[in-house]
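K.L.:
One structure, pasted below without further comment.
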Amino acid sequence: MQRITPIILAGGVGTRLWPLSRESFPKQFLKIDGAVSLFQQTVQRFQTPGFTRPIIVTNEDYRFHVVEQMGEIGTLPELILLEPCLRNTAGAVLAAVQIRARRSPESLCVVAPSDHLISDPAEFANALGKGVPAALSSKIVTFGIQPDRAETGYGYLELGEGSPDGDQPEPVLSFTEKPDIETAARMMAGGRHLWNAGIFLFRADDMQAAFDRHAPEIASHVTRALAANTLDLGFTRLDPDAWQDLPSISLDYAVMEHTDNICAVPFDGHWSDLGSWQSYWREGCRSASPNDGLVTIGNAHGIECEGSLLMSENADQTIVGFGLRDLVAVAMKDAVLVADRNRSDQIGTVVNFLKSKNAPQADIRPRDFRPWGWFEELVTGPGFKVKLITVHPRGVLSLQSHIHRAEHWVVVEGVATVTIGNQTLDLTANQSAYVPKGEVHRLENNGLSDTVLIEVQTGPYLGEDDIVRYEDVYARG
C-alpha cells in the first residue's frame with residue numbers, strides 16, 4: 001500500500017482564544033495543559049509507516065516555531081512551505097499539492113489543520129484507511145463528525161440517502177457553513193448531516209484537476225508563486241508578488257462545494273476544533289466531569305460557580321471566581337479576559353477593539369519567542385526596560401547595534417559568549433557586560449544547556465525595532 005503524504009496547515013492566528021492565543025504565538029503551538037502542543041500532536045498522528053514525512057504550510061513568523069517544535073518530538077518535515085501573507089486555506093493546500101504532484105501525480109495526500117484535537121489516533125487511522133480505496137479511485141474524501149448537539153460554530157456535510165454507518169464513504173450532497181440554531185437542530189435531527197472536520201484525502205492529480213476546473217484563477221496564481229519560489233535556510237518561500245494577488249478563500253468555498261466527486265467517511269473518535277473558550281470548557285467537562293460544570297486550568301479556583309471556565313497561565317498568579325455562572329475568566333500577566341461563555345466564539349471582537357487602541361496585547365504575548373529562544377519583559381519605566389532572556393543551546397542572536405539604547409547583561413545561568421566591538425569573552429553566572437549605545441555586539445550560547453540572563457536597557461527609545469542587523473544566522477531582515 002502506498003504511503004500517504006500529510007499536508008499540515010499551521011498558519012492560523014487563533015484570535016478566538018485570546019488572550020492565550022495571539023498572532024505572535026497562536027494556539028497550534030501552545031502547550032495549554034499538556035506536554036505537547038496541538039501542532040505536535042498533529043505531526044505525531046502521522047508518525048507511522050503508512051505516511052511519508054509531512055509537508056508543513058505556515059508563514060514567515062511561525063517558521064522557527066515549526067522547526068523547534070518538530071525537533072522537540074524528534075521528527076523532520078519533507079519541507080516547510082512559507083506563505084508570504086495569509087490567504088486562507090485554498091492556496092496553501094494547492095501549493096503543497098503541486099509540489100507533491102511534481103514528484104508523484106498519483107500519490108495520496110491528506111490535508112489536516114494543525115490546531116484540532118483528535119483524542120484517538122488509532123480510530124483516526126482507521127477512518128483514513130476506510131477512505132483510501134475511494135481516494136485511489138479519484139474521489140475526494142472528507143471526514144465528518146457525528147453531531148452530538150446543534151452546533152452553530154461548525155460547518156456541516158449533507159450525506160446521500162440513508163444514515164452514515166461508518167463502513168463505507170457516503171456521497172456528499174452539500175456543504176452548509178455555520179448555520180443558525182434552528183437549522184443546526186433540524187440537520188442534527190435529520191440524521192444525514194455530519195460536522196465538517198476540514199480533513200481531506202485525495203490523489204494529488206485529482207486535487208489539481210479540481211482546482212483547474214473550479215478555481216482556475218487560484219491555480220494560476222499558485223503556479224506562478226511556486227515557479228518563482230526561493231530556498232532559504234531549508235524553507236521554501238513562495239513568491240510574494242504572485243501570492244499577494246491570490247484570492248483569500250477557503251478550500252471548501254473554492255473547490256469542495258463545487259465538485260461532484262466528493263464523499264465522506266464518518267469519524268467515530270473524539271474530535272474538537274478547540275476554536276473557542278466554549279470548546280475548551282466542553283473539553284474540560286468531558287475529561288474531568290466537574291461538579292456544576294466548573295472547569296479550572298492552572299492556579300484557578302471557583303467558589304459557588306456554575307458552568308464556568310477559570311484559567312491562570314502563571315503558577316504564581318491566583319484567580320478565584322466567586323458566584324459566577326456561565327463565564328470565562330482567563331488571567332495572564334499582561335491581560336485578563338472576562339466573558340460570557342456562550343459568546344466566546346466572538347472574542348475576535350475584543351482583539352479588533354484592542355487593535356483599534358494600538359494595544360500591544362492584541363497581538364503580542366508577554367513571552368516573545370525567537371529562533372534562538374525567548375525573552376519576557378519584567379518591568380518597564382521611563383528610560384529603562386528589564387528583560388529575562390533565555391538562549392537555547394547553539395542559539396545565536398544577530399550581530400547588531402542600537403541607535404537609541406545601551407544594554408547591561410547579567411548572566412544568571414549557563415555560559416554566554418559575548419561579542420562587543422572587537423572583543424569576545426565568555427560570561428558565567430553572576431558575571432556581567434555593558435554594551436554602549438551604537439556598539440556592534442552579539443550574544444550566543446555555545447553550551448549544551450540554556451543560557452539565562454537579565455538584560456537592562458536604558459535610553460530615550462526602547463522599541464524592538466531599534467535594531468540594526470549586520471549578520472543573522474536566521475536570515476531575518
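The values are calculated or read from the model by the stated rules, or taken from the named source; none is laboratory data. Please read all numbers here as calculations on a predicted model, not as lab measurements. Cβ coordinates were reconstructed from backbone atoms using ideal geometry, including for glycine residues, and neighbour counts include every protein chain displayed. The accessibility values were calculated without ligands, DNA or RNA, using every heavy atom of the protein model including side chains. Shrake-Rupley method; radii C 1.70, N 1.55, O 1.52, S 1.80 Å.
K.L.:
Using +1 at the Cβ of each Lys and Arg and -1 at the Cβ of each Asp and Glu in the chain, identify which of VAL67, GLY234, PHE29 lies farthest towards the dipole's positive end.
P.N.:
The listed residue farthest towards the positive side: GLY234.
K.L.:
So what is the relative contact order for the stretch 351-477, in percent, with contacts set as C-alpha pairs under 8 Å and at least six apart?
P.N.:
Values: 290 pairs, mean separation 38.0, N = 127.
Computed over the stretch 351-477, the figure is 30 percent.
K.L.:
So I have (1) 21.0, 73; (2) 24.3, 77; (3) 23.5, 69, and one of them is Rg and Dmax of the Cα atoms in Å calculated from this model. Which one is it?
P.N.:
Working out Rg and Dmax of the Cα atoms in Å from the coordinates points to (2).
K.L.:
Specify the angular offset, from 0 to 90 degrees and rounded to the nearest 10, of the alpha carbon long axis of helix 181-190 from the longest principal axis of the alpha carbons in the chain.
P.N.:
Orientation of helix 181-190: about 50 degrees from the principal axis.
K.L.:
Towards the positive end of the charge dipole of the stretch 228-380, with charges on Cβ (+1 Lys, Arg; -1 Asp, Glu), say which of PHE369, ALA288, LEU324 has the farthest Cα.
P.N.:
LEU324
K.L.:
Run the numbers on the chain and let me know its relative contact order in percent, using alpha-carbon pairs under 8 Å that are six or more apart.
P.N.:
Numbers: 1067 pairs, mean separation 64.7, N = 477.
Dividing the mean separation by the residue count of the chain yields 14 percent.
K.L.:
Which value in Å does the Kirkwood hydrodynamic radius of the stretch 256-387 take, with 1/r averaged over all unlike C-alpha pairs and then inverted? Could you put the intermediate results ahead of the total?
P.N.:
On the way: mean 1/r = 0.0568 Å⁻¹.
Computed over the stretch 256-387, the radius equals 17.6 Å.
K.L.:
Let me spell out the model: positive unit charges on the Cβ of Lys and Arg, negative unit charges on the Cβ of Asp and Glu, origin at the Cα centre of the chain. What dipole size does that give, in debye rounded to 20?
P.N.:
That gives the chain a dipole magnitude of about 540 debye.
K.L.:
Using label points projected 7 Å from each Cα along Cα→Cβ, tell me how many nm separate GLU439 and VAL36, to one decimal.
P.N.:
4.5 nm
K.L.:
Let me ask something else. Residue by residue through the stretch 350-366, which ³J(HN,Hα) values in whole Hz follow from phi under the Karplus form 6.51 cos²θ - 1.76 cosθ + 1.60 (θ = phi - 60°), with glycine and proline marked x?
P.N.:
5, 4, 5, 4, 5, 4, 5, 9, 6, 7, x, 5, 4, 10, 10, 7, x
K.L.:
Near the amide H of ILE297, under 5 Å away, which other amide H atoms are found, from residues 5 or more places off or on another chain, if H is placed in the peptide plane?
P.N.:
Under 5 Å from the amide H of ILE297 lie the amide H atoms of LEU310, MET311, SER312, each far enough along the sequence or on another chain.
K.L.:
Between 0 and 90 degrees, rounded to the nearest ten: what's the tilt of helix 204-214 against the longest Cα principal axis of the chain?
P.N.:
Value to nearest ten degrees: 80.
K.L.:
Suppose every Lys and Arg Cβ carries +1 and every Asp and Glu Cβ carries -1, with no other charges. What dipole size does the stretch 14-96 come out with about its Cα centre, to the nearest 20 debye? Can you show the working numbers first?
P.N.:
Working: 8 positive and 8 negative charges, 45 e Å.
Using only the charged Cβ atoms, the result is roughly 220 debye.
K.L.:
A further question on this structure: Probe of 1.4 angstrom, ligands and nucleic acids ignored: what's the accessible area per residue over the chain, in square angstrom? It would help to have the intermediate numbers written out before the result.
P.N.:
Working: 20760 Å² over 477 residues.
Per residue, the chain has 44 Å² of solvent-accessible surface.
K.L.:
Please compute the length gained on full extension between SER104 and ASP180, using 0.36 nm multiplied by the number of residues separating them and subtracting their Cα-Cα distance.
P.N.:
On the way: separation 76, 0.36 × 76 = 27.36 nm, distance 4.25 nm.
Separation in residues times 0.36 nm, less the Cα-Cα distance, equals 23.1 nm.
K.L.:
Compute the FRET efficiency between ASP466 and GLU161 as 1/(1 + (r/R0)^6), taking r as their Cβ-Cβ distance and R0 = 51 Å, and round to the nearest 0.05.
P.N.:
0.20
K.L.:
Structure shown: which of LYS27/LYS385; LYS31/LYS387; LYS385/LYS437; LYS139/LYS178; LYS357/LYS387; LYS27/LYS333 lie over 19 Å apart, alpha-carbon to alpha-carbon? Intermediate values should be presented prior to the final figure.
P.N.:
Details: LYS27/LYS385 28 Å; LYS31/LYS387 23 Å; LYS385/LYS437 15 Å; LYS139/LYS178 25 Å; LYS357/LYS387 25 Å; LYS27/LYS333 17 Å.
Distance filter (> 19 Å) returns LYS27/LYS385; LYS31/LYS387; LYS139/LYS178; LYS357/LYS387.
K.L.:
On to the next question. Which one, LEU128, GLN2, LEU20, is farthest towards the positive end of the dipole of the stretch 2-155 when Lys and Arg carry +1 and Asp and Glu -1 on their Cβ?
P.N.:
Working it through, the farthest residue towards the positive pole turns out to be GLN2.
K.L.:
Let me ask another. Could you work out what % of the accessible surface of the chain is carbon and sulfur, using a 1.4 angstrom probe and leaving DNA, RNA and ligands out of the count? Provide the component values of the computation, followed by the final result.
P.N.:
Numbers: 10460 of 20760 Å².
Answer for the chain: carbon and sulfur cover 50 percent of the accessible area.
K.L.:
Follow-up. Could you tell me the calculated FRET efficiency between ASN261 and VAL338, based on Cβ-Cβ distance and R0 = 35 angstrom, to the nearest 0.05?
P.N.:
Details: r = 48 Å, r/R0 = 1.37.
After rounding, the FRET efficiency stands at 0.15.
K.L.:
Pop a pseudo-label 7 angstrom from the Cα along the beta-carbon direction at both ASP345 and ASP148 and give the gap in nm to one decimal.
P.N.:
For the pair ASP345/ASP148, the computed spacing is 1.7 nm.
K.L.:
What list of ³J(HN,Hα) values in whole Hz, one per residue of the stretch 306-323 in order, does the Karplus curve 6.51 cos²θ - 1.76 cosθ + 1.60 (θ = phi - 60°) give from phi, with Gly and Pro shown as x?
P.N.:
Here the 3J(HN,Hα) series is 10, x, 10, 10, 10, 9, 10, 6, 9, 4, 8, 10, 9, 10, 10, x, 10, x Hz.
K.L.:
Each residue of the stretch 18-23 in turn: what ³J(HN,Hα) in whole Hz from Karplus with 6.51, -1.76, 1.60 and θ = phi - 60°, glycine and Pro shown as x?
P.N.:
Calculated HN-Hα couplings, in order: 5, x, 5, 9, 9, 4 Hz.
K.L.:
Where the centroid of each part is defined by its Cα atoms, how far is the stretch 363-402 from the stretch 219-294 in Å?
P.N.:
Cα centroid to Cα centroid, the span is 31 Å.
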